[in-house]
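*Asks:* Got a structure for you, questions after.
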Amino acid sequence: MNRLYIVSSGAGGVNYMTPEAYQAIEESSVVVAYSKYARELESILKGKELYTSGMTHEIERCNQAITFAQSGKTTSIISNGDANVFGMATLIVELMDEKNLWDEIELISLPGVTSFLAAASKAGAPVSQDFSIISLSDRLTNIDLIDKRVHLALDCDFVLGIYNPKSKKRIQPYLNFLFRLQEVPERIVIVAQNVGRKEKEEITVTTTTHLIKEGIAYEKVGMNTMIIVCNSSSKLTKNGLVLTPRGYLNKYDMQGELKENV
């Protein structure tokens, strides 16, 4: 059967790619990718038939990947981070279902390390309790629904990961986000730029107060930024890492024995 891989390339370039992602690309004769991601993966795409396009051409790329697979060419379509986190998995599955190609193409979706998880690992241990992931891009999601989700996530005291905070033209969802931050007590914030792109990567630990004060002029926030808003129990360790306790030491002592009256 014809085969189509949805390859999650992980955060940034090749640093977070999994062995099965490398294997899928090795097996593929054709690779389809967003132009920027193709440049970042250039070293492992040599000798492949390559189809690339720019931002907002996602449907075109997915259709082309399906067409290549239909023609008998084993194909990989690249999705940065994890394909199921604001990536290409949903669109590929939706298009294949609309065209009813399940008896014609074997679809294999491979997971990847997201910028949320990669940024968290660089900052310490900020994500050990329940968390929520929200994109502030209103290109495909209603802006009022985004605002509602941010409000409820903060109100529920989730650790909150924010994708696509703002661009040069898309400012209002970020302004709404900053407004919602004012509704909760101050929290620790991780601002991670270009996660996985070692020469450009920058991890900043700050607070919601600072983020609100800087407003839309904060130069560290853009399309290549991941923001993690910690919950009310998060704190800084003695060496400046971010810690969100899971709760073990509330119930057990330092030797692992159950505390009395707990």
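The values are calculated or read from the model by the stated rules, or taken from the named source; none is laboratory data. Note that the structure is a prediction, hence the values are computed from the model and not measured. A quick note on method: Cβ atoms are made from the backbone with ideal geometry, for glycine too, and the neighbour counts reach across all protein chains shown. Please note that ligands, DNA and RNA were not included when accessible areas were found on the heavy atoms of the full protein model with its side chains. Shrake-Rupley method; radii C 1.70, N 1.55, O 1.52, S 1.80 Å.
*Asks:* Between segment 66-136 and segment 30-46, what's the alpha-carbon centroid distance in Å?
*Replies:* Value for the Cα centre distance between the two parts: 16 Å.
*Asks:* How would you classify segment 116-243 from its alpha-carbon gyration tensor, with a ≥ b ≥ c the square roots of the eigenvalues: rounded for a/c under 1.5, else prolate if a/b is greater than b/c, otherwise oblate?
*Replies:* Numbers: a/c = 1.58, a/b = 1.20, b/c = 1.32.
Oblate shape, in that a/c is at least 1.5 and b/c is the bigger or equal ratio.
*Asks:* Can you tell me which aspartates and glutamates have their Cα less than 15 Å from the Cα of Lys46? Leave out same-chain residues fewer than eight positions away.
*Replies:* The qualifying aspartates and glutamates are Glu26, Glu27.
*Asks:* For segment 142-167 and segment 203-257, what is the centre-to-centre distance using only Cα atoms, to the nearest Å?
*Replies:* Computed from Cα coordinates, the inter-centre distance equals 16 Å.
*Asks:* Taking springs between alpha-carbon atoms closer than 10 angstrom, which of Val205, Val31, Val85 fluctuates most in the Gaussian network model of the chain?
*Replies:* Largest GNM mean-square fluctuation: Val205.
*Asks:* If you don't mind, another one. Cut-off under 13 Å on the C-alpha distance; same-chain residues fewer than 8 positions from Lys122 excluded. Which aspartates and glutamates are left, in chain and number order?
*Replies:* Of all the aspartates and glutamates, those that pass the test against Lys122 - Cα under 13 Å, at least 8 places apart if same chain - are Glu201, Glu202.
*Asks:* Could you please state how large a percent of the accessible area of segment 116-243 is carbon and sulfur, counting protein chains only and using a 1.4 Å probe?
*Replies:* Details: 3410 of 6530 Å².
Carbon and sulfur together cover 52 percent of it.
*Asks:* Could you work out which residue, out of Lys99, Lys48, Lys200, moves most in a Gaussian network model of the chain, that is, has the largest mean-square fluctuation with Cα springs under 10 Å?
*Replies:* For the chain, modelled as a Gaussian network with Cα springs under 10 Å, the answer is Lys99.
*Asks:* Further question: Considering only protein heavy atoms, what per residue accessible area in square angstrom results for segment 89-136 with a 1.4 angstrom probe? List each step's numbers first, then the result.
*Replies:* Working: 2310 Å² over 48 residues.
For segment 89-136, the per-residue accessible area is 48 Å².
*Asks:* Here's something else I'd like to know. Counting DSSP beta bridges with both partners in the chain, what percentage is antiparallel, nearest 5? Before the final figure, lay out each step's value.
*Replies:* On the way: 18 of 44 bridges.
In the chain, approximately 40 percent of DSSP beta bridges are antiparallel ones.
*Asks:* Something else: Please give the charge dipole size of the chain, origin at the Cα centre, charges +1 on K and R Cβ atoms and -1 on D and E Cβ atoms. Round to the nearest 20 debye. Let's see the in-between values first.
*Replies:* Details: 28 positive and 31 negative charges, 182 e Å.
With Lys and Arg at +1 and Asp and Glu at -1, about 880 debye.
*Asks:* Rounded to a whole number, what % of the accessible area of segment 1-97 do carbon and sulfur atoms account for, probe 1.4 Å?
*Replies:* Details: 2100 of 4280 Å².
Summing carbon and sulfur atoms, their accessible area is 49 percent of the total for segment 1-97.
*Asks:* Is it possible to state the helix-based mean residue ellipticity at 222 nm for the chain, with each DSSP H run of 4+ residues giving -39500 (n - 2.57), the sum divided by total residues, to the nearest 500 deg cm²/dmol? What is it?
*Replies:* Details: 9 runs with 82 residues, N = 262.
Dividing the helical sum by the residues of the chain leaves -9000 deg cm²/dmol.
*Asks:* What share of Cα pairs, in percent, lie more than 33 angstrom apart in the chain?
*Replies:* Numbers: 10173 of 34191 pairs.
Pairs farther apart than 33 Å: 30 percent.
*Asks:* Could you tell me what a quarter of the Cα convex hull surface of segment 2-113 works out to, in nm² with one decimal place?
*Replies:* Values: hull surface 23.7 nm².
For segment 2-113, averaging the hull's shadow over all directions gives 5.9 nm².
*Asks:* In segment 145-254, how many lysine pairs have Cα atoms under 21 Å apart, counting only pairs 8 or more places apart or on different chains?
*Replies:* 13
*Asks:* For segment 87-167, what does the alpha-carbon gyration tensor say about shape, rounded, prolate or oblate, given a ≥ b ≥ c as the root eigenvalues, a/c under 1.5 as rounded, and a/b over b/c as prolate?
*Replies:* Values: a/c = 2.64, a/b = 1.58, b/c = 1.67.
Oblate shape, in that a/c is at least 1.5 and b/c is the bigger or equal ratio.
*Asks:* Further question: Mind checking which of Leu241, Thr208, Thr225 is farthest towards the positive end of segment 116-243's charge dipole, using Cβ charges of +1 (Lys, Arg) and -1 (Asp, Glu) about the Cα centre?
*Replies:* Going by the Cα projections, it comes out as Thr225.
*Asks:* Another question, then. For a protection proxy built on the mean count of beta-carbon atoms within 10 angstrom, sort 160-166, 117-123 highest first, please. Mind dumping the intermediate values first?
*Replies:* Values: 160-166: 23.1, 117-123: 20.9.
Top to bottom by mean Cβ count within 10 Å: 160-166, 117-123.
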